[in-house]
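Here is the structure we will look at.
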Amino acid sequence: MSSRHRPPNPLFLILTLLLFAFSSAGAVTALCLRDQLASLLQLKRRFSGGSLTSWVAGTDCCAWGGVECDPVSGRVTALDLSGRSIAGELYFPALFNLTSLRSLNLAYNLFDQIPLPQLGFEALANLTRLNLSNSGFVGQVPASISRLSNLVSLDLSTFYLNERPNSSLYLRDPTFWTLIANLGRLQFLYLDGVEIAADGPGWCGAVAASAPGLRELSLSGCSLAGPLDPSLLRLRWLSKLRLDQNNLSSPLPEFFFTNFSSLGVLRLSSCGLKGVFPDRILQLRNLTVLDVSANPLLSGWLPDFPKDSVLESLVLSSTNFSGNLPDSIGNLKSLTRLELSECGFSGSIPASVANLTQLVHLDLSLNNFSGRIPSFGQWPMISEINLAHNSLSGSIPPSDDYAGLRKLTKIDLRNNSLTGPIPGSLFAIPSLQLLQLSQNQLSGILVDFSNASSSLATIDLSHNNLRGIIPQSVSQLSGLSVLSLASNNFSGTLALDILRSMRNLSNLDLSNNMIIVVDGDDNSSFDSFPKISTLKLASCNLLKIPTFLRYQDVISDLDLSNNKISGAIPSWIWSIGMESWAYLNLSHNMFTSVEGPLTDLSSIPLMILDIHSNMLQGSVPFPPPNIIILDYSNNSFSSSIPFSFPSYLNFTIFFSVSHNRLTGEIPASFCNATYLQVLDLSYNGFNGSMPSCLLKGNSGDLRILNLGANQLTGTLPQDVSGGCELRTINLSSNMLEGKLPQSLANCRMLEVLDIGNNQIVDSFPYWLRELSALQVLVLRSNGFYGPASHPTSTTGRNSPFPMLQIFDISSNSFNGMLPSDCFSDLTAMKVGSEDKQFTVGFSYLNYTKSYYEDSVTVTFKGLDITLVKILTVFTSLDLSNNGFEGGIPESVGELKMLYLLNISHNSFSGEIPSQIGNLSQLESLDLSSNNLSGEIPQTLALLTFLSSLNLSYNNLVGGIPQYHQFPTFSNLSFLGNPGLCGQPLTRQCNSSRTGRDQALNSKSIELNWQFISAGIGYGGGLAIVVGPLMVWSKGKRWFNKYVDRMLLAILPLWLCETCGNGRVGTEEGDDDADLMEEEENRKFCVFCTGLEIHEDKVVIHHVECSCPKF
């Protein structure tokens, strides 16, 4: 064998392998340089928390987690410690020793309130990527970062809430311009949350000049101002732009973003954009994300979308976009998120939305969409559907649409006009967690819940027309935490024992149904009941407080109002909420007492306590220390209010103890309750003088002051301060004397001033015309005298009392002639209110929709009627029982929205102005007991809403109009006018009437035959129905029973007495009573009310009724 084929020596091979192994080991060890390892260990020693278990001395630092090294030099080139929850101290000298770093990422850690050093970053000259975002660094952004000229990506973003001063980064020295002036290689810049505070040309110019190669620019929440500068057009490679949470306050230029052909992501929410949004942006070929939400001054509409659109997310919520959704929206085949909530979109939802097969999140809430709900079944990826607060109608889509919706977790269709039954398969969607269908017109019976999804956590079906019995299978929804079936037509009996198996239930609302809720077994264990935080059982026919509540300890909201619970309020109820107690409502029950003395609630953490409308007696209980709303009204509390009582109202904004039996003086310490906005002590027996500080403006935030219907004496303070912010002052029905303080003109926000039924002696307070917000002015039944205007009232003043809707100066001693234009400036009585259902009052706690409604007493048909709600549509002018003379100003005809006009018992003369026929909304007209002459204007017959008319005791002559509603008025409306003739009076008119009157009379004859025919028809029909009933014994008993009920409802009106002030004579008073008796069945439609009859007045409460639309 030749030497070249000789096998190698085995010993030689072993030595070679050993040498290679040692050399390799030496090379790996050499990669972890000692100074690099030492610096990393120094960093670790200052850290707390985090997950750095691999960072162990004596091991290879290049193998540690988050560390990368150069394989040749052994120096650390990349350090990524992001998201490791590292806290403690960041030892910067050690960090700056890693001079070979090309990438440094410390994002999402917990270096709380650590300022960045101004020097040292320049040592990291090789850095191309620097990320210090969301790790708690604060203070000035270091100037040394500006020297890192190799940076390609810089991220200093922070989104911490700024509860503490200086809790974020900012750019002042250096400025933003200085920071990026040397960073010409930047492609990615993220400074979200860094305070830059620069104007549009400043920050736009800096970016364009220094970093024209930017691909992504994110400056969210940087205190940037506008306008957007054209210099940004240099950023031709821009693919992502985020400027949300700034204050650009400028329009978006038409040409602006259409030059960015690479733009894929555009986020401009909450940045003050206004004007019209350029729709061409929505047609950019590469656009995948567009968010311009929360710009309420930004308007626009959706264009036709191209078929090749790649748009994935479209968010326009809380803008002024409007119009219809285009059919081309179906071209957005890649769309996963569509949010158009709180805009002005209308029309139907196009059927083409079925093409959006990738849709995950759909929110079209708070718009004006109409028509039917689109099919759900075409969206297999859908997770959330929100179509709430629209005008959608029809039924919920059929059950076949739900089979493939395995990812759907939320359905919100509340506040629409949906009808029909609720498909039972809705409840069986596998992943469904929330089903919100409240405030619709859904009907039918609830299906069995046996197949309902175990994922369901919230079901809200409240405010619908659902009926029947609540299924017992609701107890099988073991995962349910919120169940609201309130305000439906459910019936039957529901035992609270059903809650035992609903272990996760925390919020239950069954209020306002026809069910009877009964308590469980008192002898059973209550440990199996769920821990309830909110329980609302208002109007559930409860006879007692549910026993299981005694064993609850996390109650926060409890509403048992409007039930039939009597006896004592148990002492344990005050402690069931422990520290979570917030709201307790036991109002409208029949409680008479509290177990133990009701004297001190100071240890209870309640914020809202409502026990009004019971029969509670004794002393007024001291309130809880943190109480915000406290209502003790409509009880039988007696004694006086201790002087120390208001000191418990440190945080209270509403306090009412009206309609009780309290006496004594009102404590002046109420003025120390600085947060108090509503103070209602009306309808009690308080005496003495009122605390002057309540009017002087020394009472903090007070807006509503109601001390009416007491026995207060003395004079009003004359020095009301300029800081007065009162909106309502009601001091009516007391015994106050002196003059009305002219300094009340300082209460510039005053809307209601009622000092009626006192002993004020003064001239007309012409200076009140300075209060432009005044809506209700009542001076009735005092000693006011002289002309009801100022001598200079027609010169130099613009629109006095523009908002006045109730003006009552009756039963005083005003005299003189009314100026011809005295009614011309009462704008609210001329044009009315835009909101027909709104009431005069004050919203004092917005998040609970708490609203104090003012009340007022008006005179109608001789009765004092208390309106417990004042609709803003209601207008009234009462000048009765004074000494006015001369003609009725024709300008009264301008008050076209007037509902009640009473100028009776004066000395007006001349003819009735025909312009009164222009008052198309008038329902009550009283011109009685004056010296009016001439004929009744034919135009009065055009008042088709007129339900009460009194022209008695004047000098009117001629024929009574005989068409429209006039033939329905009785002769009591025309008594005391010897010259009047025609129906309903027995005095016939002579044949010398004019041709026009004859034509009208023939028309009235025709109408009278219609009434006669109708009477015969109704009489005959009644006889057919009643005749058999009177023969059939059971029918007779039924008839007598219901006639008795009707008579009991009518007869009490005969007991009502006229409420004059002595000016009306006995004979006239009897006629007024007859007039009231004759017309009591006429509906005064503006009130839409029910009557509550007392000995000397009628209280009107708002209820549903059928009135003419106005």
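Okay, residues lined up against (1) hydrophobic (A, V, I, L, M, F, W, C); (2) at pLDDT 95 or above; (3) crowded, with 20+ Cβ neighbours inside 10 Å:
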residue: Ile411; (1), (2), (3): yes, yes, yes
residue: Asn415; (1), (2), (3): no, yes, yes
residue: Leu418; (1), (2), (3): yes, yes, yes
residue: Pro423; (1), (2), (3): no, no, no
residue: Leu426; (1), (2), (3): yes, no, yes
residue: Pro430; (1), (2), (3): no, no, no
residue: Gln436; (1), (2), (3): no, yes, yes
residue: Asn440; (1), (2), (3): no, yes, yes
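Among the residues of region 299-340, those identified as within 25 Å of the chain's Cα centre (by Cα) and outside any loop (DSSP other than H, G, I, E, B) are Ser299, Val315, Thr319, Asn320, Phe321, Ser322, Glu339.
Would you call Ser309 in contact with a helix residue (DSSP H, G or I) (Cβ under 7 Å, 6 or more places away or on another chain) and either of a type in the set (S, T, N, Q) or touching a residue at least 24 places away in the same chain (Cβ under 8 Å) (or both)?
yes
Taken over region 733-757, residues that are crowded, with 19+ Cβ neighbours inside 10 Å and within 22 Å of Ile870 (Cα to Cα) amount to 11.
Here Ser133 fulfils each of the conditions (1) of a type in the set (S, T, N, Q); (2) surrounded by 17 or more Cβ atoms within 10 Å (Cβ to Cβ); (3) within 22 Å of Ser54 (Cα to Cα); (4) out of contact with any helix residue (DSSP H, G or I) (no Cβ under 8 Å at 6 or more places or on another chain) apart from (3).
Only one of the numbered conditions (1) at pLDDT below 95; (2) in a loop (DSSP other than H, G, I, E, B); (3) of a type in the set (A, V, I, L, M) is violated by Ile865, and that is (2). Quick check: is even one residue across region 708-724 in contact with a strand residue (DSSP E or B) (Cβ under 8 Å, 6 or more places away or on another chain), of a type outside the set (S, T, N, Q) and modelled with pLDDT under 95? No: zero hits. Residues in region 617-665 that are under 24 Å from Trp581 (Cα atoms), modelled with pLDDT under 95 and over 26 Å from the mean Cα position of the chain (by Cα): 11 in all. Determine whether region 341-362 contains at least one residue that is part of a helix (DSSP H, G or I), closer than 21 Å to Leu290 by Cβ, hydroxyl-bearing (Ser, Thr, Tyr) and in contact (Cβ under 8 Å) with a residue 24 or more places away in the chain. Within region 341-362 (the criterion being part of a helix (DSSP H, G or I), closer than 21 Å to Leu290 by Cβ, hydroxyl-bearing (Ser, Thr, Tyr) and in contact (Cβ under 8 Å) with a residue 24 or more places away in the chain), the answer is yes, since at least one residue qualifies. Scan region 590-616 for residues that are surrounded by fewer than 19 Cβ atoms within 10 Å (Cβ to Cβ), in contact with a helix residue (DSSP H, G or I) (Cβ under 8 Å, 6 or more places away or on another chain) and at pLDDT 85 or above and the total you get is 0.
Residues in region 303-329 that are of a type outside the set (D, E, K, R) and surrounded by fewer than 19 Cβ atoms within 10 Å (Cβ to Cβ): Pro303, Pro306, Val310, Asn320, Ser322, Gly323, Asn324, Pro326, Ser328. Looking at Gly394, Gly371, just one residue is touching a Lys or Arg at 6+ places or on another chain (Cβ under 6 Å), small (Gly, Ala, Ser) and on the phi > 0 side of the Ramachandran plot, and that residue is Gly394. Annotation: Asp155 fulfils all but one of (1) at pLDDT 95 or above; (2) more than 25 Å from Gly184 (Cα to Cα); (3) of a type in the set (Asp, Glu); the unmet one is (2). In region 104-141, the qualifying residues are those that are of a type in the set (D, E, K, R) and more than 22 Å from Thr175 (Cβ to Cβ), and the one that is modelled with the lowest pLDDT is Asp112. Given the criteria more than 28 Å from the chain's Cα centre (by Cα) and not in a loop (DSSP other than H, G, I, E, B), does Leu426 qualify? Spelling it out, Leu426 is indeed more than 28 Å from the chain's Cα centre (by Cα) and not in a loop (DSSP other than H, G, I, E, B). Filtering region 899-920 to residues that are under 23 Å from Leu804 (Cα atoms) and touching a strand residue (DSSP E or B) at 6+ places or on another chain (Cβ under 6 Å) leaves Leu900, Leu901, Asn902, Ser904, Asn906.
Selection of region 384-395 for residues being in a loop (DSSP other than H, G, I, E, B) and touching a strand residue (DSSP E or B) at 6+ places or on another chain (Cβ under 6 Å) yields Ala388, Asn390, Ser395. The residue that is nearest to the chain's Cα centre (by Cα), among those in region 385-406 that are modelled with pLDDT of 95 or more, surrounded by fewer than 22 Cβ atoms within 10 Å (Cβ to Cβ) and not small (Gly, Ala, Ser), is His389.
Per the listing Val56, Val28, Val67, Val76, the residue uniquely more than 19 Å from Arg129 (Cα to Cα), of a type outside the set (Lys, Arg) and at pLDDT 90 or above is Val56. Out of the residues in region 939-978 meeting the condition of being of a type in the set (Phe, Trp, Tyr) and surrounded by 20 or more Cβ atoms within 10 Å (Cβ to Cβ), tell me which one is modelled with the lowest pLDDT. Within region 939-978, the match that is modelled with the lowest pLDDT is Phe966. Somewhere in region 401-410, is a residue touching a strand residue (DSSP E or B) at 6+ places or on another chain (Cβ under 6 Å) and part of a strand (DSSP E or B)? Yes. Of the residues Pro253, Pro212, Pro201, the single one that is within 39 Å of the chain's Cα centre (by Cα) and either surrounded by fewer than 22 Cβ atoms within 10 Å (Cβ to Cβ) or on the phi > 0 side of the Ramachandran plot (or both) is Pro253.
Quick grid of which residues meet (1) free of Cβ contacts under 8 Å to residues at least 12 places away in the same chain; (2) more than 21 Å from Gln983 (Cα to Cα); (3) of a type in the set (A, V, I, L, M, F, W, C):
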| site | (1), (2), (3) |
| --- | --- |
| Ile916 | no, yes, yes |
| Leu940 | no, no, yes |
| Phe945 | no, no, yes |
| Ser948 | no, no, no |
| Leu951 | no, no, yes |
| Gly958 | no, no, no |
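Within region 70-94, work out how many residues are over 55 Å from the mean Cα position of the chain (by Cα) and either among the β-branched types (Val, Ile, Thr) or farther than 25 Å from Ser157 by Cβ (or both).
Residues flagged as over 55 Å from the mean Cα position of the chain (by Cα) and either among the β-branched types (Val, Ile, Thr) or farther than 25 Å from Ser157 by Cβ (or both) within region 70-94 amount to 9.
Across region 639-664, the number of residues qualifying as assigned to a strand (DSSP E or B) and not polar (S, T, N, Q) comes to 3.
The values are calculated or read from the model by the stated rules, or taken from the named source; none is laboratory data. Everything numeric in this text was worked out from a predicted model, so none of it was measured. Please note: Cβ atoms are built from the backbone with ideal geometry, for glycine as well, and neighbour counts cover all protein chains shown.
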